[in-house]
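Step one of this worksheet: look at the structure below.
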Amino acid sequence: MTKAPPYDREVTLQKALRLFWRKGYHATSLKDLEQALQMRPGSIYAAFQSKEALFRTVLAKYVEAVEKEFNHTLGIHPSVLDGIAAFIRKFAEPPKETPPSKACMVVKTLLEVSEAQSPIAVDANTYLAKMEAAFVSAFEKARARGEIAEQASPVSLARRLQASIFGLRVYAQRWVTDRAVQLLAEDIAQDVLALRVDTSTIVEPI
């Protein structure tokens, strides 16, 4: 009896991620997974337990990559606001390889999975809340450094930023030019940079 060839788990997960990101959870069939992963149904279930478990695993990997990119981008900029602006601009940069979708996988998942209490929907909501919290933390850091006004609300700014990024990703999914997406991303980045306090106008007490 011929044994199935060994598989590379990380490579397999990346293939599954691209497939689910492109087609969505419900539209991805077992046959789609067989073809994309080059695995038999029994092997897929032995490795990942179920289609849902596989989807939740790759969704977590997607979010982990976004978080890593956000933290890296903030870390290489001395200014928090500059880091956030750079992160926004990345969504409009020409990708090294064509992504399965220009829309955020987490948002696509949340819109697709209507059952509010399903594990997948809970995951999606949890990940979005976690990303919002990362934005809040960034704006709190900017306020502590004096980059933004002391009375500014990090929570409100984080929510607006997340909504703006969602809108940008959905807009990019339309039949629009790359230039149009770049201009929109730059507008959003400039809105963030406009929050910077102009310290040159502050008069020091005598």
Query raised in the report: Here are Glu93, Glu64: which of them is under 30 Å from Val181 (Cα atoms), within 15 Å of the chain's Cα centre (by Cα), modelled with pLDDT of 95 or more and of a type in the set (D, E, K, R)?
Result: Glu64
Query raised in the report: Among the helices (runs of 4 or more DSSP H) confined wholly to region 1-118, which include 1 or more residues that are in contact (Cβ under 8 Å) with a residue 60 or more places away in the chain and either charged (D, E, K, R) or open to solvent by 60 Å² or more (accessible area, probe 1.4 Å) (or both)?
Result: 9-23, 51-75, 80-90, 105-112
**Report entry** Residues within region 139-169 that are open to solvent by less than 70 Å² (accessible area, probe 1.4 Å) and part of a helix (DSSP H, G or I), tallied
**Finding:** 16
Query raised in the report: Can you tell me how many residues in region 29-68 are more than 22 Å from Ser101 (Cα to Cα) and hydroxyl-bearing (Ser, Thr, Tyr)?
Result: 3
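Here is a list: Leu157, Leu128, Leu193. Which entry is closer than 18 Å to Trp21 by Cβ and in contact with a helix residue (DSSP H, G or I) (Cβ under 7 Å, 6 or more places away or on another chain)?
Values: Leu157 fails: closer than 18 Å to Trp21 by Cβ; Leu193 fails: closer than 18 Å to Trp21 by Cβ.
It is Leu128.
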Query raised in the report: Residues in region 122-136: is at least one small (Gly, Ala, Ser), under 21 Å from Gly24 (Cα atoms) and crowded, with 19+ Cβ neighbours inside 10 Å?
Result: yes
Query raised in the report: Looking at region 173-195, is at least one residue open to solvent by 40 Å² or more (accessible area, probe 1.4 Å), touching a strand residue (DSSP E or B) at 6+ places or on another chain (Cβ under 7 Å) and not acidic (Asp, Glu)?
Result: yes
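The values are calculated or read from the model by the stated rules, or taken from the named source; none is laboratory data. This structure is a prediction, so every number in the text was calculated from the model and none was measured. Note that we place each Cβ from the backbone using ideal geometry, even for glycine, and neighbour counts take in every protein chain shown. Just the protein is used for accessible areas: all its heavy atoms, side chains included, with ligands, DNA and RNA removed. Shrake-Rupley method; radii C 1.70, N 1.55, O 1.52, S 1.80 Å.
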